[in-house]
Amino acid sequence: MTDGMPEASSTQAPIPGQLIVERAREADAVVMILAGELDLASAPTLERELREAEATRPARLVIDLAGLAFMDSTGLQALLRARERANADDHRLSLRHAVHQVRRVFELTKTTNAFTFED
């Protein structure tokens with residue numbers, strides 16, 4: 001890591017079906033950077049990583065979705081649970097850089113308004 005952000009060379013390319021989660025600090029926020037696929041098989045990995053980040057009690061938790069190639073309803077449920085915990089723990093949660101195919105999941109399920117999106 002350099003200046004709180006992961007170095008470009010540290011980013012792994014996900015293999016099909018894999019989810020890579022990297023964590024970085026950004027002022028008052030913990031940023032979770034996702035790459036690969038967020039689905040039934042990988043949602044538990046995201047849940048574990050989110051809970052570890054939440055345990056640090058950040059003022060803000062940002063989930064960067066730019067590297068996601070795919071997200072199913074299980075991934076959406078993991079994000080909705082994170083939002084519920086954020087509300088209960090009084091920290092802000094936002095999603096960043098949702099690519100078209102991922103944003104479409106929010107649109108189809110009418111959950112777009114459940115989140116704050118940063119783009």
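Among the residues that make up the range 40-51, is at least one of them in a strand (DSSP E or B), modelled with pLDDT of 90 or more, under 21 Å from residue 70 (Cβ atoms) and of a type outside the set (A, V, I, L, M)?
Within the range 40-51, none of the residues are in a strand (DSSP E or B), modelled with pLDDT of 90 or more, under 21 Å from residue 70 (Cβ atoms) and of a type outside the set (A, V, I, L, M).
Would you confirm whether or not the range 66-82 contains a residue that is acidic (Asp, Glu) and either in contact with a strand residue (DSSP E or B) (Cβ under 6 Å, 6 or more places away or on another chain) or assigned to a helix (DSSP H, G or I) (or both)?
Initial filter on the range 66-82 (acidic (Asp, Glu)): 72.
Subsequent filtering for residues that are either in contact with a strand residue (DSSP E or B) (Cβ under 6 Å, 6 or more places away or on another chain) or assigned to a helix (DSSP H, G or I) (or both) retains none.
No, the conditions are met nowhere in the range 66-82.
With the structure loaded, tell me whether residue 61 is part of a strand (DSSP E or B) and more than 17 Å from residue 20 (Cβ to Cβ) or whether it fails that test.
The answer is yes for residue 61.
The values are calculated or read from the model by the stated rules, or taken from the named source; none is laboratory data. Only a predicted model underlies this, so the values are computations on that prediction, with no experimental measurement involved. Counting neighbours? That spans all protein chains shown, and the Cβs are built from the backbone with ideal geometry, glycine included.
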